[in-house]
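**Q** Below: one structure in structure tokens.
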Amino acid sequence: MTLLLVQALNGLQLGVLLFLIAAGLTLVFGVMDLINLAHGVQYMLGAYLAVLGMAWTGSFWLGLVTAVAGSFACGLVLDAVAFRRLLGRDHLDQVLGTYGLILIFEEGARTLFGPAPLSLPLPEALSGAVALPGGLNYPVYRLVLLAGGLAVAGLLWLVIERTRAGMLVRAGASNAPILDAMGVNVRRLFSLVIAVGAMLAGFAGAAAAPLVAVEPSMGGNVLILAFVVIVVGGVGSIRGAFVAALLVGLTDALGRTLITDGLRLYLSPSAARTAGPALASMAIYLLMACVLGFMPRGLLPARGRA
């Protein structure tokens, strides 16, 4: 039971990170009808900016601020240079264009920082552990990351659901042409959505940097999971992205434990450890197939979206 509690906490932590990435991605896709494969690169950029910020200032927290501010600025630059030229184009053009950005940023990071993975040290205040029932210790930083991600998710929900800017974003996700016809500066709205989405992805990358290897290709796997989240939750829906992210995170974390333990009843321990994570990854896509089989628009699609 203690191991299941630890894995559940790990799943929730993965879920809030996926939500931070998927929230911006689902808004960009829902509001702008833009397939942005470079969103994973913005996650990678946030991690590198956090490492640089801490190297320059010696403070983890200033490194985090550097990552958030730098990611927001990068989103504005990418919108001005690339994304606005892809709006209204065929989805294949968008895929090819944003994939080109992936190659540029990954090779740029490899040239500037080298191919060797980097790491971000934890601040002293968050380097301890909390005792869980059963005698296992759980890292304080992971609990803080979980709480911080939930706080950001709540703040984003308040902005989207309770402010005028959020109302415009929801209207754009439902029907952008009508919003433009009503006199709203949709172009400015699009720029803001892209910048905020990049900022959220960068924050997720900076928050995950102490837990994972910071390397140029780190955005690829999370991008695939982020697309699964927005499909399961419903395109353009923040609520759907949050629920789907938690489901995907829990499915991945608990699946690795439960499936591996179940396979040990029939296979050798080494074979079970090898097959378990692979089958757990398949469980995520099985979850997506089951949801779409019964709810083709996702769990909580954007209200009014056709």
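The values are calculated or read from the model by the stated rules, or taken from the named source; none is laboratory data. Keep in mind the model is a prediction, meaning the values are calculated, not measured. Quick reminder, even Gly has a Cβ in these numbers, built from the backbone with ideal geometry, and neighbours come from all protein chains shown.
**Q** Going through segment 211-261 one residue at a time, which ones are among the polar types (S, T, N, Q) and more than 12 Å from the chain's Cα centre (by Cα)?
**A** Once the filter is applied, which keeps residues that are among the polar types (S, T, N, Q) and more than 12 Å from the chain's Cα centre (by Cα), segment 211-261 yields S217, S237, T251, T257, T260.
**Q** Out of R256, R264, R273, I need the residue that is touching a residue at least 40 places away in the same chain (Cβ under 8 Å) and basic (K, R). Which one?
**A** R256
**Q** So, one more: Within segment 61-70, identify whether any single residue is among the polar types (S, T, N, Q) and either touching a His at 6+ places or on another chain (Cβ under 8 Å) or more than 27 Å from P210 (Cβ to Cβ) (or both), and answer yes or no.
**A** The answer is no; no qualifying residue exists.
**Q** Can I ask one more? If G219 meets every condition in (1) surrounded by fewer than 22 Cβ atoms within 10 Å (Cβ to Cβ); (2) at pLDDT below 90; (3) under 16 Å from G15 (Cα atoms) apart from one, which number is that one?
**A** (1)
**Q** Could you figure out which of (1) of a type in the set (A, V, I, L, M, F, W, C); (2) surrounded by 13 or more Cβ atoms within 10 Å (Cβ to Cβ); (3) within 23 Å of the chain's Cα centre (by Cα); (4) closer than 23 Å to L17 by Cβ isn't true of A147?
**A** (2)
**Q** Does V291 satisfy being in contact (Cβ under 8 Å) with a residue 12 or more places away in the chain, of a type in the set (V, I, T), part of a helix (DSSP H, G or I) and surrounded by 21 or more Cβ atoms within 10 Å (Cβ to Cβ)?
**A** It is false that V291 is in contact (Cβ under 8 Å) with a residue 12 or more places away in the chain, of a type in the set (V, I, T), part of a helix (DSSP H, G or I) and surrounded by 21 or more Cβ atoms within 10 Å (Cβ to Cβ).
**Q** Still on this structure, I have one more. What pairs come up if the first residue lies in segment 180-201 and is more than 30 Å from A47 (Cβ to Cβ) and without any contact (Cβ under 8 Å) to a residue 12 or more places away in the chain, the second is of a type in the set (K, R) and assigned to a helix (DSSP H, G or I), and their beta carbons are under 9 Å apart, counting only those six or more places apart or on different chains?
**A** D180/R187
**Q** Within segment 116-139, identify whether any single residue is over 14 Å from E215 (Cα atoms) and among the polar types (S, T, N, Q), and answer yes or no.
**A** yes
**Q** Looking at L143, L122, L112, can you tell me which residue is in contact with a helix residue (DSSP H, G or I) (Cβ under 9 Å, 6 or more places away or on another chain), closer than 22 Å to A198 by Cβ and modelled with pLDDT of 85 or more?
**A** When all the criteria are applied, what remains is L112.
**Q** A165 - would you say it is at pLDDT 80 or above, under 20 Å from the mean Cα position of the chain (by Cα) and within 30 Å of V77 (Cβ to Cβ)? Can you show your working first?
**A** Numbers: at pLDDT 80 or above: yes; under 20 Å from the mean Cα position of the chain (by Cα): no; within 30 Å of V77 (Cβ to Cβ): yes.
So A165 does not fit the description; no.
**Q** Sort through G15, G53 and tell me the only one that's within 21 Å of A213 (Cα to Cα) and in contact (Cβ under 8 Å) with a residue 24 or more places away in the chain.
**A** That would be G15, the only listed residue that is within 21 Å of A213 (Cα to Cα) and in contact (Cβ under 8 Å) with a residue 24 or more places away in the chain.
**Q** A further question on this structure: Exactly one of (1) farther than 18 Å from L18 by Cβ; (2) in a helix (DSSP H, G or I); (3) of a type in the set (A, V, I, L, M) is unmet by A280. Its number?
**A** The single condition A280 does not satisfy is (1).
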